[in-house]
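Reading through the structure tokens given below for one structure.
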Amino acid sequence: MKKQDIIKAILGNRYGKSPVLPSATAFASTNIALCKYWGKRDAELNLPITPSLSISLEQKGTTTEIQVNGLNRITVNGQPIENRSSFGKRLFEYVSLFDPNEPLSFHIQSNIPIGAGLASSASGFASLALALNQLYNWRLTLKELSILARIGSGSACRSLWQGFVEWEAGSNPDGMDSFAKPLPQIWPDLCIGVLMHSHAEKKLSSREAMNRSVKTSPFYSSWPSKVAHDLIQIKQAIQSKDLPLLGQIAESNALAMHALVQSSWPPFSYSLPQTLEAMQKIWSLRQEGLEVYFTQDAGPNLKLIFMEQTLTPLLQVFPHMEVIRPFVGK
Ligand code: PMV
């Protein structure tokens, strides 16, 4: 099944129509997975082997403005980006699936580093799908937009909502049952801390790393059952606001995902010496009685999971940590 077939099926007779506005702008938060998406059953449509569950990072994310000006230009945080760069190609390939003929320009503002394992593609493709929906006045539902965002980048399907979001793997070959849904629970004093160890773009894309894990890791066959177990536990932890349970399962899930990467061939590790040093610190802090846990995506940066009351002692150990309160104001 091709991406364009799915897009045509979702847009129906709106497919191929011209933009109705001169420009459109939309914001989407980035999200970090507490139970990871790692492995595709269909690489063309970004259909996952397992479900996954994330938390959105509120004000951290991407604003995409699309202009109908016939220029085909891209800027990211005010800097022009080459259309032939890998970023430019990925963007234009995606939008040409919807409308191959209209020259559009894109002005992208992001407060997260692109490609450094902070899920910039998640907020990028989610904000792009939202902005396209406005520009063409498609009036799609969030479920349909989640499918369109997923076609751009798998984890983007979870970035259309705030709070906890679950992506159901689905089983249909066309992926019409593979989209995200928000969970109703809020957890006001839950905090996420971002420890940046590098802003550099990752050396191995998550796409390639996942593919290697599925094909070559001797442990991949145990991943789906680990995810099934972790999802049940994480939902229970969210329901009962049980931080030790949430933290333990999220950390174990991330370490298992990285064990898949490190046991693949050719081998690879997303961690830097600073990543491992921070992990060791977190483990000793826990032994000293501080309730703090971490997760790690396809990059060297860690995201810490803790409660508001742990913030002060934690900032003494990690003074540069950026703090996000995903449920503030909810
Ligand atoms: O959506 P992608 O292709 O950028 O892959 C995301 C992979 C992880 O961030 C490591 C896991 C996840 O569920 O977001």
Next on the checklist: Just to verify a result, which residue in segment 123-157, among those that are among the basic types (K, R) and open to solvent by 10 Å² or more (accessible area, probe 1.4 Å), is nearest to the ligand (Cβ to nearest atom)?
Outcome noted: K143
Checklist entry - Of these, S252, S271, which one is small (G, A, S), within 23 Å of N111 (Cα to Cα), in contact with a helix residue (DSSP H, G or I) (Cβ under 8 Å, 6 or more places away or on another chain) and surrounded by fewer than 21 Cβ atoms within 10 Å (Cβ to Cβ)? => result S271
Checklist outcome for this item: Restricted to segment 6-41 and to residues being open to solvent by 10 Å² or more (accessible area, probe 1.4 Å) and within 13 Å of the ligand (Cβ to nearest atom), the residue nearest to E168 (Cα to Cα) is Y37
Checklist entry - Given the conditions (1) of a type outside the set (G, A, S); (2) in a helix (DSSP H, G or I); (3) open to solvent by 20 Å² or more (accessible area, probe 1.4 Å), which single one is not true for Y94? => result (3)
Checklist entry - Of (1) under 18 Å from L302 (Cβ atoms); (2) out of contact with any helix residue (DSSP H, G or I) (no Cβ under 8 Å at 6 or more places or on another chain); (3) modelled with pLDDT of 90 or more, L118 satisfies all except one. Which? => result (3)
Checklist entry - Condition test on I305, is it without any contact (Cβ under 8 Å) to a residue 40 or more places away in the chain and open to solvent by less than 10 Å² (accessible area, probe 1.4 Å)? => result no
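Residues that are more than 27 Å from K60 (Cβ to Cβ), of a type in the set (A, V, I, L, M, F, W, C) and at pLDDT 95 or above: which helices (runs of 4 or more DSSP H) entirely in segment 162-272 hold 3 or more of them?
Helices (runs of 4 or more DSSP H) meeting the threshold: 223-239.
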Checklist entry - Does any residue in segment 212-241 that is under 19 Å from L260 (Cβ atoms) come within less than 8 Å, Cβ to Cβ, of a residue that is exposed (fewer than 14 other Cβ atoms within 10 Å of the Cβ) six or more places away or on a different chain, and which pairs are these? => result R212/W265; R212/P266; T216/W265
Item to check | Failed condition for I192, given (1) at positive phi; (2) open to solvent by less than 20 Å² (accessible area, probe 1.4 Å) | outcome: (1)
Checklist outcome for this item: Condition set open to solvent by less than 50 Å² (accessible area, probe 1.4 Å) and not charged (D, E, K, R), scope segment 55-66, selection farthest from R158 (Cα to Cα): answer is I66
Checklist entry - So is A26 in contact (Cβ under 8 Å) with a residue 24 or more places away in the chain, of a type in the set (A, V, I, L, M, F, W, C) and within 21 Å of L142 (Cβ to Cβ) or not? => result yes
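In segment 314-330, which residues are in contact (Cβ under 8 Å) with a residue 24 or more places away in the chain, outside any loop (DSSP other than H, G, I, E, B) and out of contact with any Lys or Arg (no Cβ under 8 Å at 6 or more places or on another chain)? If you could, list the steps in order and put the result at the bottom.
Applying the first criterion (in contact (Cβ under 8 Å) with a residue 24 or more places away in the chain) to segment 314-330 yields 314, 317-318, 320-328, 330.
From what's left, outside any loop (DSSP other than H, G, I, E, B): 314, 317, 322-324.
Those that are in contact (Cβ under 8 Å) with a residue 24 or more places away in the chain, outside any loop (DSSP other than H, G, I, E, B) and out of contact with any Lys or Arg (no Cβ under 8 Å at 6 or more places or on another chain): L314, E322, V323.
The values are calculated or read from the model by the stated rules, or taken from the named source; none is laboratory data. These numbers were taken from a predicted model, which means no experiment stands behind them. Note that we place each Cβ from the backbone using ideal geometry, even for glycine, and neighbour counts take in every protein chain shown. For accessibility, only protein heavy atoms count, side chains too; no ligands or nucleic acids. Shrake-Rupley method; radii C 1.70, N 1.55, O 1.52, S 1.80 Å.
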